[in-house]
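Worksheet: the structure to be examined is printed underneath.
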Amino acid sequence: MNETPETKSMKLTKQASHEIPSGVLGIAHGADEDRLFAACIDGVYELSLSDGKHRRLYEHQSYVSSVAYLPTHNTLVSAGYDGALHWYDLASDTVTRQVDAHQFWSWKMCASPDESLIASATGQYLAGGEKYEPRPENEPSVKVYDAKDGTLLHEFEHVPPVLSVAISPDNQYVAAGNLMGEVRVWDLTRGEQVKQWTTDAFTSWGIIKSHCYIGGIFAMSFSPDSQELFLAGMGPMRDPMAGNGRQLWQRFAWREEVPRLIDQTHEGQSGEGLMETLTFHPEGEVFLMGGRLRGGKWNAALFDWQSGERVEVVKFGGRICDSCFRQNGKQLFLSGCKKQSSSRDKPKPFGIVDIFDVG
């Protein structure tokens, strides 16, 4: 007889909220307890968590979509819509390396837990036929680099646009998900694909205001034991352009011969909106999913890993683009954008970083 998993209890208490001049698309927590790094529309910022003071460290040629902190090397790596990866040495306050990784945007970039690898995903949605299926890639959609010297180690094929990428906690695998709900997983030791499957839960066909596919897998994370893969996005929509799909995560046993759906957002526990971030608490018992609020009461929530039950909710004052926990698990950081000011003469900050105590 199977026993129902016990649901973990956890509370989030808002401790502070800080503004940054432009929208925050990605964040990384520094080894310094007081420091957070933010990938923003107009560059990479350093933010003091205690008093909200910030300074811009450097820029890309376009929006900065992701940032990773490598404490062993005291280095930041960032990726942007200019298709470039930048390495920034914090000791000297200098960009030490730039790699032109992609011909199109880097949608998402991440570092491996052991700080040895950087993975970045790209791809533009162009109709490839009468059914508006995506055109085949004109460059490898997923690339993996040596985090120390920027050497290209792997190029992997996928179907663009590839919107999410993750490296497993055991540093052995990289996974990526695309617009059409297709997931591919590669073995980084052998440099070859080991899994491929498609979920139709995240992709919709627009027929009301435009004819195109919309949605996709916007965030993903391996489970702490590397045995499962969690995906996040937005459930199928009647009117895709309205963004009114279900706030959705799915959990897969990806190592099985045919990857199996284990669980997904439970009925009655979600509203509407595109989910853009998914991250596990350092203790591994709960994960957070967050994004935009189209309808409902929350746009960030904690879920128990094993039972799938929702355990806590947050209503963030804008669009959530990224999230991370402090390494000791005692605080959660949510970042994103609020509505921009219509004044061109006196523009107001529209980037947000909220800090929550975890109890």
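Between amide H atoms placed 1.01 Å from N, distances below 5 Å from residue 80 occur with 65, 106, all of them 5 or more places distant or on a separate chain.
Report, in debye and to the nearest 20, how large the dipole of the chain comes out about its Cα centre when Lys and Arg carry +1 and Asp and Glu carry -1 on their Cβ. List each step's numbers first, then the result.
Working: 35 positive and 47 negative charges, 290 e Å.
For this selection, approximately 1400 debye.
Close amide H partners of residue 324, meaning residues 5 or more places away or on another chain with modelled amide H under 5 Å apart, are 333. Legend: calculated FRET efficiency, residue 103 to residue 261, from the Cβ-Cβ distance at R0 = 41 Å, rounded to 0.05, equals 0.75. Is the C-alpha gyration tensor of the stretch 233-288 telling us rounded, prolate or oblate? Criteria: a/c under 1.5 is rounded; beyond that, a/b larger than b/c is prolate, otherwise oblate. Judged from the Cα gyration tensor, the stretch 233-288 comes out oblate (a/c at least 1.5, b/c at or above a/b).
Can you tell me, using C-alpha contacts under 8 Å and at least 6 residues apart, the relative contact order of the chain as a whole percent? Walk me through the numbers on the way to the answer.
On the way: 1038 pairs, mean separation 51.7, N = 359.
Relative contact order here is 14 percent.
For a paramagnetic label modelled at 7 Å from the Cα of residue 346 toward its Cβ, which residues of the stretch 19-46 fall within the zone defined by backbone nitrogen distances under 19 Å? Backbone N within reach: 19-22. Would you please state the base-10 log of I(q)/I(0) at q = 0.15, 0.19, 0.20, 0.26 1/Å for the stretch 122-191, with intensities from the Debye formula using one equal scatterer on every alpha carbon? Rounded to two decimals, the profile gives -0.51, -0.76, -0.82, -1.18. For residue 352, the residues whose modelled amide H falls within less than 5 Å of its own, excluding neighbours fewer than 5 places apart on the same chain, are 20, 24, 336, 337, 338. Looking at the square roots a ≥ b ≥ c of the eigenvalues of the Cα gyration tensor of the stretch 193-285, which shape do they give, rounded for a/c under 1.5, prolate if a/b is larger than b/c, or oblate? Judged from the Cα gyration tensor, the stretch 193-285 comes out prolate (a/c at least 1.5, a/b above b/c). Under the simplified labelling scheme, the residue 114-residue 93 pair shows an inter-label distance of 3.5 nm, with each label point 7 Å from Cα along Cα→Cβ. Applying 0.36 nm per residue to the separation of residue 200 and residue 132 and subtracting their alpha-carbon distance, the gain on full extension is 22.9 nm. Once you have a ≥ b ≥ c as the square roots of the Cα gyration tensor eigenvalues for the stretch 260-348, tell me rounded if a/c is under 1.5, and otherwise prolate or oblate according to whether a/b is larger than b/c. Taking the square roots of the gyration eigenvalues as a ≥ b ≥ c, the stretch 260-348 is oblate. Phi-derived couplings, Karplus 6.51 cos²θ - 1.76 cosθ + 1.60 at θ = phi - 60°, listed residue by residue for the stretch 270-286: 9, x, 10, x, 7, 8, 10, 9, 8, 8, 8, 5, x, 6, x, 8, 9 Hz, with x used for Gly and Pro. Please identify, among 107, 254, 197, the residue showing maximal mean-square fluctuation in a Gaussian network model of the chain using a 10 angstrom Cα cutoff. Greatest mean-square fluctuation among the candidates belongs to 197. Sorted fewest first by neighbouring Cβ atoms within 10 angstrom, 330, 8, 148 come out as 330, 148, 8.
Largest mean-square fluctuation among 29, 158, 266, in a Gaussian network model of the chain whose springs join Cα atoms under 10 Å apart, belongs to 266.
Arranged from fewest to most other beta-carbon atoms within 10 Å of their beta carbon, 112, 22 become 22, 112.
How long is the gain from residue 34 to residue 14 if the chain were fully straight, where each residue apart is worth 0.36 nm and the alpha carbon distance is subtracted? Mind showing how you got there, number by number?
Working: separation 20, 0.36 × 20 = 7.20 nm, distance 1.65 nm.
Full extension from residue 34 to residue 14 adds 5.5 nm.
For the pair the stretch 33-67 and the stretch 95-161, the centres of their Cα atoms are 22 angstrom apart.
The modelled label-to-label distance for the pair residue 211/residue 55, using points 7 Å beyond Cα in the direction of Cβ, is 5.5 nm. When the P(r) is computed for the stretch 203-359, the part past 28 Å accounts for 24% of the Cα-Cα pairs. Say the dipole of the stretch 254-359 comes from +1 at the beta carbon of Lys and Arg and -1 at that of Asp and Glu; which of 341, 329, 306 then lies farthest toward its positive end? Selected residue: 341. Between 42, 82, 149, the GNM of the chain built on Cα springs shorter than 10 angstrom shows 149 fluctuating the most.
All of the numbers you see were taken from the coordinates with simple rules; none came from a lab. If you're wondering where the values come from, they're calculated on a predicted model, not measured in any experiment. Using ideal geometry, Cβ is built from the backbone for each residue, glycine included, and neighbour counts are taken over all protein chains shown.
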